[in-house]
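Notes follow once the structure below has been shown.
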Amino acid sequence: MAQYGTMDYARLAKAGFLVGAALFLSGALGGVIAPGLQGEIPGWEQSLFLYSEVIGTVVGFFSPLVFGVVMPLLASLAPNRRVRPGPRQLAVTSPETLARRLTLAPTRRQ
C-alpha cells in the first residue's frame, strides 16, 4: 500500500469523470450526427455509439466514487502506512533534527 501513498485522488477522480463525459458525448453526438450526414448507418456503428454512451456513463459515475471516496478511505485504513513529511513539516523541524535525519549511519567494515 505504500506505493499508493502519493496518488492524487482528486486529480484521478476529475480526470476519470471527464473521460466518461467525453465518451458519453462522443457516443450521443455520433448517434445523432452520423445518421444525419450519411442517412442510414450500419448496425455496428449504432452499437458502437450506444456502447460508448453506456461505458461513458459508467466510467463517469464510478470514477469519482472509486477515486474520490473508496481509495482515500482504504489508504487511510492501511496499517503501517508510512507518511512522508511534507515541505511544511520539514520547515518547522530544528536544524539538529534535520541534520540527524540527513546523516547516514556509520557502516561497519570487517
### Message
Quick check on my filter: what residues within the stretch 16-50 are of a type in the set (S, T, N, Q) and touching a residue at least 24 places away in the same chain (Cβ under 8 Å)?
### Response
Ser26
#### Entry: Qualifying positions in the stretch 42-57 - modelled with pLDDT of 95 or more and of a type in the set (Asp, Glu)
Glu53
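Within the stretch 1-41, which residues are polar (S, T, N, Q), over 16 Å from Thr57 (Cβ atoms) and either at pLDDT 95 or above or not in a loop (DSSP other than H, G, I, E, B) (or both)? Even if it seems obvious, please write down each step before you answer.
Applying the first criterion (polar (S, T, N, Q)) to the stretch 1-41 yields 3, 6, 26, 38.
Next, only the ones that are over 16 Å from Thr57 (Cβ atoms) stay: 3, 6, 38.
If the condition is that a residue be polar (S, T, N, Q), over 16 Å from Thr57 (Cβ atoms) and either at pLDDT 95 or above or not in a loop (DSSP other than H, G, I, E, B) (or both), then Gln3, Gln38 are the ones that fit.
The values are calculated or read from the model by the stated rules, or taken from the named source; none is laboratory data. Every value quoted in this text rests on a predicted model; they were computed, and no experiment measured them. Every residue, glycine among them, receives a Cβ derived from its backbone with ideal geometry; neighbour counts consider all protein chains shown.
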